[in-house]
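One structure is given below, encoded as structure tokens.
The values are calculated or read from the model by the stated rules, or taken from the named source; none is laboratory data. Owing to the predicted nature of the structure, the values given are computational and were not obtained by experimental measurement. Positions of Cβ are backbone-derived with ideal geometry, glycine not excepted, and every protein chain shown enters the neighbour counts.
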Amino acid sequence: MSSERLQKIIAAAGIASRRAAEKLIASGAVELNGQIVTELGTKADPERDHIRVNGKLLRGPERHIYLLMNKPKGYVTTVHDPEGRPTVMDLLRGIRVRVYPVGRLDYASEGLLLLTNDGELAQGLMKASSHVPKTYVVKVARTPDEAGLQRLRRGLMISDERRFRGLNRAGEDARGPKNSRTRKSGRVKTAPAKIRLIRESDNPWYEVTLIEGKNRQIRRMFEEIGHHVEKIKRVRYGPLSLDLPPGEFRRLSMGEIAKLRSAVHA
């Protein structure tokens, strides 16, 4: 990982806000490789350098890893797949630390996917109450009328599909999509969504921004107004934008991690 300013590293580790981190540095409360530093422009590499705040070793960035991937179509967003299909983990070349996907993208969907071993941040991002926006570009069969689009913008009732896992013979969770079943339990209302036409054609493209993440939500929303979704690509997740070719991944910068944390607690 490249060097970052100390205040960014401290903020990303959840020790303090960036402004508070600057005060800690200026007061002499931060050590870098055994030396007290007070210069706000000082940079460090959190994977190589030893950073102490008030005498305590900063461990967050050393334990945790944060990745942004452009998931291609034809990969499942799981660690293992009992059916033998390729998973996003097959794309992680050179990553020795075990990480997990944050949320899911369908087998046929593509785009921005986060992976981390920071369980606290992952749970915060996936909580419905966090309202972290996620933006997709969506190709739809035939052009919806304005009344249907307004229903999507206001929020509408869709079937409540939930995945649950069966139990294996030992009474343990049987993991993987093969052992998952879909339970339909009535109807639920979606939160208001932002819908914007970005390409006119017989099968138009829309930009769709959601603040929640129900199972197959976009597909079910458009199905509810009578239109099949042909393609879905996630292009933004909170403060992050997709900037990689399909199948590639990169580490998040400390500044991006800090922005993600701020988005969760906004």
Worksheet item: Of (1) surrounded by 13 or more Cβ atoms within 10 Å (Cβ to Cβ); (2) assigned by TED's automatic domain parsing to the domain that holds residue 118, residue 84 satisfies all except one. Which?
Response: (1)
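So that you can scan it fast, the table gives a plain yes or no per residue for (1) outside any strand (DSSP E or B); (2) touching a Lys or Arg at 6+ places or on another chain (Cβ under 8 Å); (3) not assigned by TED's automatic domain parsing to the domain that holds residue 86:
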{"position": "203", "(1), (2), (3)": "yes, yes, yes"}
{"position": "207", "(1), (2), (3)": "no, yes, yes"}
{"position": "223", "(1), (2), (3)": "yes, no, yes"}
{"position": "258", "(1), (2), (3)": "yes, yes, yes"}
{"position": "263", "(1), (2), (3)": "yes, no, yes"}
Fill in: Residue that is surrounded by the fewest Cβ atoms within 10 Å (Cβ to Cβ) [pool: residues in segment 98-152 that are at pLDDT 95 or above and β-branched (Val, Ile, Thr)]
143
Worksheet entry | Odd one out for residue 201, checked against (1) surrounded by fewer than 16 Cβ atoms within 10 Å (Cβ to Cβ); (2) among the polar types (S, T, N, Q); (3) at pLDDT below 95 | (3)
Worksheet entry | Residue that is modelled with the highest pLDDT, among those in segment 33-60 that are loosely packed, with under 13 Cβ neighbours inside 10 Å and of a type in the set (Lys, Arg) | 56
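Rundown of residues vs (1) free of Cβ contacts under 8 Å to residues at least 12 places away in the same chain; (2) under 24 Å from residue 153 (Cβ atoms); (3) surrounded by fewer than 18 Cβ atoms within 10 Å (Cβ to Cβ), yes/no style:
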site: 210; (1), (2), (3): no, yes, no
site: 232; (1), (2), (3): no, yes, no
site: 236; (1), (2), (3): no, yes, yes
site: 248; (1), (2), (3): no, no, yes
site: 260; (1), (2), (3): no, no, no
Worksheet item: Considering 159, 129, which residue is of a type outside the set (Val, Ile, Thr), under 20 Å from residue 190 (Cα atoms) and either in a loop (DSSP other than H, G, I, E, B) or in contact (Cβ under 8 Å) with a residue 24 or more places away in the chain (or both)?
Response: 159
Practice prompt. Identify, from the list 39, 47, 22, 31, the residue that is among the charged types (D, E, K, R) and closer than 30 Å to residue 94 by Cα.
Written response: 47
Item to complete: Considering each residue of segment 241-256, count those that are farther than 12 Å from residue 114 by Cβ and either assigned to a helix (DSSP H, G or I) or charged (D, E, K, R) (or both), and give that number.
Response: 4
